[in-house]
Structures are given as C-alpha cells and as structure tokens.
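The values are calculated or read from the model by the stated rules, or taken from the named source; none is laboratory data. What you see is a predicted model, and the numbers here were worked out from it, not measured in a lab. Glycine gets a Cβ as well: all are built from the backbone with ideal geometry, and neighbour counts include every protein chain shown.
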Amino acid sequence: MPAPGQQQATFASDRFAAEVSRRLDQAIAERRLWNIHGLVVLQNGKLIIERYFEGQDRQRGVGDLGMVKFAAETMHDLRSCSKSIVALLYGIALQQGKVPAPEASLLSGFPEYRDPNEERSRVTVHHALSMTLGSDWDETSLSYADPRNSEIAMDNAPDCYRYILERPMLDAPGTHWVYCGGATALLARLIAKGSGKSLHEFARESLFDPLGMGPTEWASGPDGEPFAASGARMSVRDLSRIGTLMLAGGQLDGRQIVPSEWIKRCTTLVVSCDELRRYGYQWFLLDIAFGKPKGWAPGRLERMWMAQGEGGQRLYIIPALQLVIALTAGNYDAEDQSIPPTRVLREIVLASIS
C-alpha cells in the first residue's frame with residue numbers, strides 16, 4: 001500500500017513500472033545485483049514499484065542479524081542516510097528557535113568545552129552542516145571495523161563531544177570538505193540541548209509522526225548518546241516518505257513540516273566533495289546523465305539529491321523528474337557495495353524512462 005501523500009501508479013505510469021520491474025528481475029537473474037533488501041520507486045507521488053527480498057543483515061550497535069526476510073514494515077539501518085535526516089531535523093528546530101542559526105559560532109553552543117584556539121573560534125554551525133570544519137578527521141580511508149577510524153574513535157571516547165571539538169585544526173574552516181560523522185553528532189547534540197528531548201524523541205514528534213511513519217529507532221552507544229550520524233532505523237517505505245517530502249518543499253497534505261527555505265538550503269551547493277559529488281547541508285548533490293546520447297551530448301542531465309549510507313543504503317531524489325528511489329541493502333564493509341545501488345539507479349530506473 002502507498003504511504004500517506006503517495007498514490008498507486010495510474011495507467012500513464014504502467015509502462016514505466018513494467019519496464020522497471022522487467023529490468024530489476026533481469027538484473028537479479030543475471031546476478032548484477034546482490035543482497036539488496038528493499039526498493040521503493042515513486043514518480044509524481046505515485047508508487048511505481050515496491051519490492052522486498054531476503055538477505056543477510058546487520059544492525060548498528062547490535063551485530064549480525066543473520067538471514068532476514070524483509071517486508072514493508074521491516075526496519076532497516078539507514079547508516080549515514082541518518083546524516084541527511086539530522087539536517088532536516090535541524091531546520092525544524094531552527095524554525096522553532098531551539099538551535100543556533102548557521103551563521104552562529106559552533107562553540108557558543110558548547111560553552112562547557114572551552115577552547116582558546118583562535119582558529120577553532122571561527123568555526124560556525126554552517127561549517128558543521130557542510131562538513132567543512134577544518135579539523136583532523138578520517139573515516140574514509142579506514143574501515144569502520146578499525147578503532148582508528150575517527151567515527152569509531154568518537155564512539156569509543158569517554159566524552160564523544162569533547163573528542164570532536166578537540167580534534168586538531170588542519171585547515172581554515174570552510175576551506176575543504178571532509179566527510180565527518182562528528183559534525184552530525186554536534187548538530188544532533190544542539191537539537192537535543194535546545195529541545196530538551198532525545199534526538200529520536202524530537203524526530204518522532206517533529207518529522208516521523210507527521211509523515212505517518214511506522215516504527216523507528218535511533219541506535220545509541222553505551223553512554224546513551226545517539227549514533228546521530230549512522231543510527232537511524234526505519235522501513236524503506238518510510239525512507240521514501242522523506243523523498244516525497246523533499247520534492248514537495250517540506251509539505252505534506254498542506255502542512256509545512258520542514259521549512260521550504262531550509263529544503264533549498266540543504267540542497268544548495270556549498271562545497272565540492274570530489275570530481276562528481278557536491279555537498280549542501282548533509283545532502284550530496286550530483287548531476288546525473290541519462291537517456292540516449294546525441295552526438296557529443298551525454299543525453300539528459302539533471303540535478304539529483306542523495307542521502308547515502310554504508311552497506312548500500314540510498315535515497316535518490318531527482319526533482320526535475322519528480323522521482324524518488326529508496327533502497328536498502330546489506331553489503332556492509334564490501335569494496336563493491338556502491339555497485340548495486342548505482343545499477344538500480346542507472347540501469348534499472350533511469351534506463352526505463354522513455
């Protein structure tokens with residue numbers, strides 16, 4: 001059944017839905033996709049396809065779950081897709097006057113951690129939102145099984161917030177993008193301090209319940225602090241509701257859940273990550289090409305917003321096509337984990353658009 005704000009595909013969508021289904025079945029039969037757990041595709045608010053599979057899974061903070069038969073209501077780790085949800089929550093809290101504005105000093109929100117470092121005093125909330133803090137952080141060159149990984153070291157620290165705020169400064173704030181779960185943890189802490197609620201309580205009250213979501217969780221460490229950057233759990237259907245909300249400018253059924261200006265800010269280019277990806281506020285931004293090339297032209301080129309999580313979790317949103325693709329998978333720690341979601345996007349969904 002479709003989620004609130006979503007409709008079943010109409011006859012006009014049937015050709016697209018049939019082609020997506022055909023290509024998906026073919027890719028699975030040819031073993032071009034592996035250990036994907038759930039897929040929901042919507043266009044113009046209409047459900048195009050919803051599929052569930054059986055596969056090995058793992059839960060953040062718990063460990064291996066073994067073989068799981070997934071269904072519409074099954075919760076799944078979102079891993080770093082959690083970061084993008086925290087950004088939306090920050091916008092809601094900002095509208096409510098519960099957190100500092102992006103232009104505010106980041107350290108002003110943490111007076112308990114005094115720091116005389118002049119360079120660090122220039123860090124703003126904007127730098128946390130855009131992952132341009134300028135501090136020493138490495139969670140991309142090391143496995144998440146390695147205790148030297150900065151996110152794991154943060155989780156294991158006696159005081160995770162002190163660990164983040166006392167990292168040595170390597171660059172001037174705003175100079176370079178460095179993938180940093182610590183930045184998300186600071187944003188979540190500001191939300192909790194300002195709202196007087198846990199991150200998950202605030203999320204349920206301000207975002208998940210208004211969207212009509214089913215059961216959700218947000219994993220926490222032994223110290224009770226949430227894994228803000230990677231701990232959200234929900235069904236893939238509920239993940240797709242986030243995409244529907246983004247396309248609607250933060251509205252659902254006439255109710256403004258996330259401020260529309262904040263949606264624009266999250267999806268406006270702040271900094272380049274690499275040759276392909278750019279970054280807004282905790283959301284990746286890409287230009288995606290599809291369709292038949294014409295001469296030297298690559299075909300149609302459109303902007304895409306993306307939430308990305310370890311193991312193959314993805315939320316792809318292409319505004320020009322009014323397209324939402326939500327995917328969960330269990331390819332944690334695998335070097336080829338990005339291949340299945342990329343193939344779902346390019347070879348199954350976009351290739352089905354005539």
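In the set LEU78, LEU47, which member is over 15 Å from THR328 (Cα atoms) and out of contact with any His (no Cβ under 8 Å at 6 or more places or on another chain)? Let's see the steps before the verdict.
Values: LEU78 fails: over 15 Å from THR328 (Cα atoms).
When all the criteria are applied, what remains is LEU47.
Within the range 88-107, is there a residue that is aromatic (Phe, Trp, Tyr) and outside any helix (DSSP H, G or I)?
The initial filter retains those residues of the range 88-107 that are aromatic (Phe, Trp, Tyr), namely 90.
Restricting the remaining residues to those that are outside any helix (DSSP H, G or I) gives none.
Within the range 88-107 (the criterion being aromatic (Phe, Trp, Tyr) and outside any helix (DSSP H, G or I)), the answer is no, since none of the residues qualifies.
Hey, can you tell me all the residues within the range 121-173 that are of a type in the set (D, E, K, R) and in contact with a strand residue (DSSP E or B) (Cβ under 6 Å, 6 or more places away or on another chain)?
Keep residues of the range 121-173 that are of a type in the set (D, E, K, R), which gives 122, 136, 138-139, 146, 148, 151, 155, 159, 162, 166-167, 171.
Across the range 121-173, the qualifying residue is only ARG167.
Within the range 333-354, residues that are of a type in the set (A, V, I, L, M) sit with their Cβ atoms under 7 Å from residues that are part of a helix (DSSP H, G or I), at 6+ positions apart or across chains, in these pairs: ILE348/VAL20; ILE348/ARG23; ILE348/LEU24; ILE348/ALA27; VAL349/VAL20; ALA351/ARG23; ILE353/PHE16.
Within the range 136-147, can one find any residue that is among the acidic types (Asp, Glu) and modelled with pLDDT of 95 or more? Scanning the range 136-147 turns up at least one residue that is among the acidic types (Asp, Glu) and modelled with pLDDT of 95 or more. Without any contact (Cβ under 8 Å) to a residue 60 or more places away in the chain and either farther than 17 Å from GLN282 by Cβ or of a type outside the set (Val, Ile, Thr) (or both), is that true of PRO111? For PRO111, the condition - without any contact (Cβ under 8 Å) to a residue 60 or more places away in the chain and either farther than 17 Å from GLN282 by Cβ or of a type outside the set (Val, Ile, Thr) (or both) - is met. Residue by residue through the range 114-158, note down the ones that are of a type in the set (Asp, Glu) and either farther than 16 Å from ALA229 by Cβ or in contact (Cβ under 8 Å) with a residue 60 or more places away in the chain (or both). Hits for the range 114-158 are ASP115, GLU118, GLU119, ASP136, ASP146, GLU151, ASP155.
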